[in-house]
Each structure stands twice: as structure tokens, then as C-alpha cells.
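The structure appears right after this line, and notes come after that.
The values are calculated or read from the model by the stated rules, or taken from the named source; none is laboratory data. Values in this document were obtained by computation on a predicted structure and should not be read as measured data. Cβ placement follows ideal geometry from the backbone for every residue including glycine, while neighbour counts extend to all protein chains displayed.
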Amino acid sequence: MRQITCAGLLATATLAAALASAAAQDVTLRIADSLPVGHYTSTQGIQPWIKAIEERTGGAVKLDYYPASQLGQGKDLLALTQSGVTDIALIQPAYISEKLPLSGIVELPELFPSSCDGTKAYFQASAEGGILGDEEYGPNGVRLLFGAILSPYQLLTKAIPVETVDQLKGAKLRTGGGTQDLLVSKLGAVPVRVPGPEMYEAVSRGTADGVILPYASVITYDLQKLLGYTTVTSGFGTTVTAYMINEDKWKELSPEHQQILAETGYEASMALCAYIDAQADEALKKLEEAGVKRSEMPDAEKTKMSEVLGTAAGEWAAALDARGLPASDLLKAMKSGGTN
């Protein structure tokens, strides 16, 4: 009887140890962004990604999602990730170009023909061994897990028909900072830095005469009712929705969980970029239905616009090269798909 009791106690102890070990591996991660509730990055990307992580880990890894600046403003999310206030966050280089200057490359004009082309190149450059991964994200203590390059940006104005380049001189155009400031200045316009959630008020009050955004984002921020004209080109760059994890938190995860987060992050990113590419034409139709007119530029003016914007990439790279940063090498890598 005593032997049975000891055996039972041993089995119970073994089971308890196993359960404790399993529980120790369970983890809940905080993920934060500054995008409005219902933004397509969330509905088509973040939420499916969270679901995939929980399914693939059998519920051992859960993500608590804090959208709409609940944990902090967009410009503060890198610092909040580094400090551990959040574990994963949307880090937009344009808001913190002084800390992530090389990442501004995605905003250069005519670099990517589509969201998915840009997203693939960005992931290559952001991985370990890639220029962005080694030169910017590693030193800042973060690692890319999920993200997508948005559709090529367009210039949308409240009252300027943009039939000539000269019409933009002195116009106040909303930017997110960084490389967009350079593009706007090259056009003779005035860059006005305004956070995404404040764009509607800025255009409504005349603080900004126009915005540079992908069509889908115009609808997301409900700006179509305020805008009158849009360009239809691929000349105004883009940006990236990059969600990064605190490197110390990453190292606390088991190798199995690391692999699942990385794999599902890339899969969700490719699904999001495919959605973005498919929605670009549909979004333009919605803008036109709302009364936004296409800007009609003569061929000579289109050429002039392209020439003006075409100098931006070289100037951007030269300025950063002079600071000892491998911007020209990164530009070559991104044009060849992100590989060094």
C-alpha cells in the first residue's frame, strides 16, 4: 500500500512539474499602434496575425492589442517598445527619422511598383545580415516581425488642380516627416508635419492644403469629403507599417515560439500587401464617386514633375553617406529586391 502511495505521489509530482514547466512557457505580449480602430492594417493584417499565432502555439502565446494610441503616440512607440511599456509596436520611421534615418528609403519616389514588391525587399533588408537589420534595428534593440509597404502615394489637394508643377509652390502639404519633407520641398511646397489622426482637422482648417497618402488611407481617415483633386502617378514614394518586437523580449521566447512569430508575421505581411495591391484601384473609384477629380497634367509637366522628384533619391543617399551611413548601398540593395 505504501509503495502504491509513493508511486502515486511521484506521478502527481511529475505531472505538477510538467504543468508548471508548460505554464512557464506561456506568454502574453502587448502589441500597440497609433492607427484608428478599423484601419485595414489591423483588420487585414494584425488581427489575422494574432489569431494565427494563438492557433499555431496552441494558445501558449497570446497578444493583447492596443490600437488607436492607447499606449502612446506614434512618435513615442519606439521608445515605449525599448523601455518595455509595450512588447511589439508599430514603428513608423517618418515620425522618428533622426533615430531611423536609413528606413526613410521606403519614402523615395518610384522605388516600388507595388506593395508586395516593396514588402519583399523591405523584409530582406530588415533581416539579420541586411543593412536595415544590422545598421538600424539591431542597434535600437528591436526586430521586425510584421509589416507592409503601402501603395505608392499620391498627392491630393483641397483646391489646387495640380495641372502644373508651379501651382504647388508655397502650398502647405501634410507630411509624416523624414523623406516626405524632402520631396515636398523639391516641389517648392511647404512640408507641414501632422500626425495621422490630426490630418482631418488640418485639412479642414486650412493648416494643410493637401496630403500625400495612398488612396486607401484617404478613405480610412475620411478625407475624401474635404479633398478636390488627386494625382494618378507612382511618383510620391510610400511608407511602411512596421511592427517590431523588443529584442530582449524576443530572446526570452523559446526557439519554437520565435519561429512561429517570425513565420506567421511574414505570412500575414504578404497577405496584407496582396490586399493593399488589390484595393488600390477600388479606392480610387470610391474617391472619384465622392467627387475627387483626377489632376490632368500635360506630358511636359509630367516629365518636369518626374525630373524634380527623380533628384530626391540621389540627394537623400548622398546626405546620409556623408554622415557615414550606407545609404547608397541600401538604395542599390532595395532596387535589387533588398539583398546586399
For the stretch 151-167, give me the residue count where each residue is part of a loop (DSSP other than H, G, I, E, B) and in contact with a strand residue (DSSP E or B) (Cβ under 7 Å, 6 or more places away or on another chain).
5
Looking at the stretch 226-275, which of the residues that are modelled with pLDDT of 95 or more and touching an Asp or Glu at 6+ places or on another chain (Cβ under 7 Å) is nearest to M199 (Cα to Cα)?
I245
Kindly list the number of the only condition in (1) in the same structural domain as Q180 (by TED's automatic domain parsing); (2) out of contact with any Phe, Trp or Tyr (no Cβ under 9 Å at 6 or more places or on another chain); (3) closer than 16 Å to F112 by Cβ that fails for T339.
(1)
Which of the residues belonging to the stretch 120-145 are more than 24 Å from S306 (Cβ to Cβ) and assigned to a helix (DSSP H, G or I)?
K120, F123, Q124, A125, S126, I131, L132, G133, D134, E135, E136, Y137
Take the stretch 298-332 and flag every residue that is hydrophobic (A, V, I, L, M, F, W, C), within 20 Å of S185 (Cβ to Cβ) and buried (at least 17 other Cβ atoms within 10 Å of the Cβ).
M305, V308, L309, A312, A313, W316, A317, L320, A327, L331
Counting only residues that are within 13 Å of P214 (Cα to Cα) and touching a residue at least 12 places away in the same chain (Cβ under 8 Å), which one in the stretch 275-285 is farthest from the chain's Cα centre (by Cα)?
L284
Residue pairs meeting the criteria (Cβ under 8 Å; at least 6 apart or on separate chains; first surrounded by fewer than 22 Cβ atoms within 10 Å (Cβ to Cβ), in the stretch 191-214; second of a type in the set (D, E)):
P191/D181; R193/D181; Y200/D222; T207/E201
Any residue in the stretch 80-91 that is in the same structural domain as E247 (by TED's automatic domain parsing) and closer than 14 Å to W250 by Cα sitting within a Cβ distance under 7 Å of a residue that is among the acidic types (D, E) and in a loop (DSSP other than H, G, I, E, B)? List the pairs, counting only those 6 or more apart or interchain.
A89/D33
Test G178 against the criterion of being crowded, with 21+ Cβ neighbours inside 10 Å, touching a Gly at 6+ places or on another chain (Cβ under 7 Å), modelled with pLDDT under 95 and closer than 18 Å to I91 by Cβ, and give yes or no.
yes
Of the listed residues (T12, T57), the one being of a type in the set (V, I, T), over 19 Å from G196 (Cα atoms) and at pLDDT below 95 is T12
Please verify whether G133 is assigned by TED's automatic domain parsing to the domain that holds L77 and within 28 Å of E252 (Cβ to Cβ), treating the condition exactly as stated.
yes
Examine the stretch 251-261 for a residue that is assigned to a loop (DSSP other than H, G, I, E, B) and in contact (Cβ under 8 Å) with a residue 12 or more places away in the chain, and state whether such a residue exists.
yes
